[in-house]
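First comes the structure, then the notes that go with it.
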Amino acid sequence: MARPLTATIDLNSIKRNYQYAKKLHPTCNAFAVIKSNAYGHGAVKVATYLDDEVDAFAVASIDEALVVRDAGVKSTIMLLEGVFEADEWAICQEKGFWAAIENQSQLDWLLESKAKIGKVFVKVDTGMHRLGLEPSLAPSFVEQLKESGLVDEVLLMTHFASADDLSDITTMEQLTRFEMVCRDVGDDIATSVANSSAIMKWSVPEGGWIRPGIMLYGISPFAGLTGLQLGLSPAMTLTTKVISVRKLREGDGVGYGLSYKATEDHQLATVAVGYGDGYPRHAQTGTPLKINGVPATLVGRVSMDMVTVKSSSDTHNLLIGQDVELWGNDVPVEEVADFSGTIGYELVARMTTRPRYVYKEGESES
Ligand SMILES: Cc1ncc(COP(=O)(O)O)c(C=O)c1O
């Protein structure tokens, strides 16, 4: 038996989630955000499958865009962080990439390069203080871009700091600041503001471009809510098998540091997954999973290649070869993340190349 750890990616689920985002904002176009290797789901596979479906893709930087374009993907690709060097603008022209502009250098490089770009998104810092122009600079940036004749359409964009927290008024404050910038620039300018949490729970401006990321993969951006509860279809199922079984006696310790001690006699399964695969090393005793559909919990420390597991059912006879779901439709990745002190975004985005990746397109697999 080869090492059984498998990440099965349901490409159809990603398509359904994209269609759901668009249905929530029928007047908007939508970028499918596929940065960081499509949040660990495989950017080339995801982009190839969605190529005829999406209005455009969005990635962080030009190197991510080139990987997808060089694999034959035809759709427009937008660089959310813009260019990092002057000569990237010429590549943007050649490859049909759009880009954000969030600082003076990016603007100067474009004006000097004379590259022709379809759309440029002038990014305004409305309160997150990570990327983006001071709001008062936006009108001059827009004017210079329009006057340059290099850009077919100039848009305004911003990014929310706390849209995943529905009780936080920061999002409303950012929206108000953004509306003022739009008014200063001229009300007819198209915009792009919404990430997944804003798409699903906040009222965002009509028209323009939404930017769904995590929701495409069926994962919730909100604490305490799963993707399934939001009507999304989880795209990644991480499965493996039991590779060893033993009986523990009360008081026996398990794994590195013997951090788990059995408080009663029970069976213990050793399961083929570890932090070398991307499974979180900080997953605590109690982290949920399923063995042959029966709830079970992680016990002891996560090793590089293995974890140790106790069934939640006294009558469940653990056996080598039994199927294990680590996350997916039956075990929400958001719950695994909670037990690991992180978020669903991180768990999928940091998957390594070590598991086998299987892609499902409807019923077929590749
Ligand atoms: C500028 C920008 N837009 C959109 C997204 C997508 O966000 P989410 O994955 O929360 O939908 C991101 C992700 O970090 C981003 O940086």
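Return yes when Glu173 is open to solvent by 40 Å² or more (accessible area, probe 1.4 Å), more than 16 Å from the ligand (Cβ to nearest atom), in a loop (DSSP other than H, G, I, E, B) and not polar (S, T, N, Q) and no when it is not.
Judged against the criteria, Glu173 is not a match.
Taking Leu326, is it farther than 13 Å from Ala7 by Cβ, among the hydrophobic types (A, V, I, L, M, F, W, C) and open to solvent by less than 90 Å² (accessible area, probe 1.4 Å)?
Judged against the criteria, Leu326 is not a match.
Residues in the stretch 184-225 that are surrounded by 18 or more Cβ atoms within 10 Å (Cβ to Cβ), in a loop (DSSP other than H, G, I, E, B) and within 14 Å of the ligand (Cβ to nearest atom): how many?
Selection size over the stretch 184-225: 13.
Across the stretch 19-67, what is the total count of residues that are part of a helix (DSSP H, G or I), out of contact with any Ser or Thr (no Cβ under 9 Å at 6 or more places or on another chain) and hydrophobic (A, V, I, L, M, F, W, C)?
8
So which of Asp125, Asp168 ends up being within 16 Å of the ligand (Cβ to nearest atom) and modelled with pLDDT under 95?
Going through Asp125, Asp168 in turn, the sole match is Asp168.
Rundown of residues vs (1) away from the ligand (no atom under 15 Å from the Cβ); (2) surrounded by 16 or more Cβ atoms within 10 Å (Cβ to Cβ), yes/no style:
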{"residue": "Val68", "(1), (2)": "yes, yes"}
{"residue": "Ile77", "(1), (2)": "no, yes"}
{"residue": "Gln106", "(1), (2)": "no, yes"}
{"residue": "Ser113", "(1), (2)": "yes, yes"}
{"residue": "Ser136", "(1), (2)": "yes, no"}
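Grab the helices (runs of 4 or more DSSP H) fully contained in the stretch 68-164, keeping just those with 3 or more residues being in contact (Cβ under 8 Å) with a residue 40 or more places away in the chain and not hydroxyl-bearing (Ser, Thr, Tyr).
Here the list reads 138-148.
Give me the residue from the stretch 300-323 that is touching a helix residue (DSSP H, G or I) at 6+ places or on another chain (Cβ under 7 Å) and more than 14 Å from Leu289 (Cα to Cα) and, out of that set, surrounded by the most Cβ atoms within 10 Å (Cβ to Cβ).
By that ranking, first place goes to Arg301.
Quick one: in the stretch 226-249, which of the residues that are within 16 Å of the ligand (Cβ to nearest atom) and hydroxyl-bearing (Ser, Thr, Tyr) is nearest to Ala161 (Cα to Cα)?
It comes out as Thr226.
Restricting the first residue to the stretch 262-278 and requiring it to be in contact (Cβ under 8 Å) with a residue 60 or more places away in the chain, which pairs with a second residue that is surrounded by fewer than 19 Cβ atoms within 10 Å (Cβ to Cβ) and polar (S, T, N, Q) meet a Cβ separation below 7 Å and a spacing of at least six or different chains?
Between residues of the stretch 262-278 that are in contact (Cβ under 8 Å) with a residue 60 or more places away in the chain and residues that are surrounded by fewer than 19 Cβ atoms within 10 Å (Cβ to Cβ) and polar (S, T, N, Q), the close pairs are Gly276/Thr352; Asp277/Thr352; Gly278/Thr352.
Table: residues versus (1) among the aromatic types (Phe, Trp, Tyr); (2) modelled with pLDDT of 95 or more.
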site: Thr297; (1), (2): no, yes
site: Thr308; (1), (2): no, yes
site: Thr315; (1), (2): no, no
site: Trp327; (1), (2): yes, yes
site: Ser340; (1), (2): no, yes
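Are there any pairs with C-beta distances below 8 angstrom linking a residue in the stretch 186-213 that is closer than 21 Å to Tyr39 by Cβ to a residue that is surrounded by fewer than 19 Cβ atoms within 10 Å (Cβ to Cβ) and polar (S, T, N, Q), with the two at least 6 apart or on different chains, and if so which?
From residues that are closer than 21 Å to Tyr39 by Cβ, the pairs are Trp209/Asn29; Ile210/Asn29.
The values are calculated or read from the model by the stated rules, or taken from the named source; none is laboratory data. Predicted model, so just to flag it, every value in this text is computed and none were measured. With ideal geometry, Cβ positions are generated from the backbone for all residues, glycine too; neighbour counts draw on all protein chains shown. Calculation scope for accessible area: heavy atoms of the full protein, side chains included, ligands and nucleic acids excluded. Shrake-Rupley method; radii C 1.70, N 1.55, O 1.52, S 1.80 Å.
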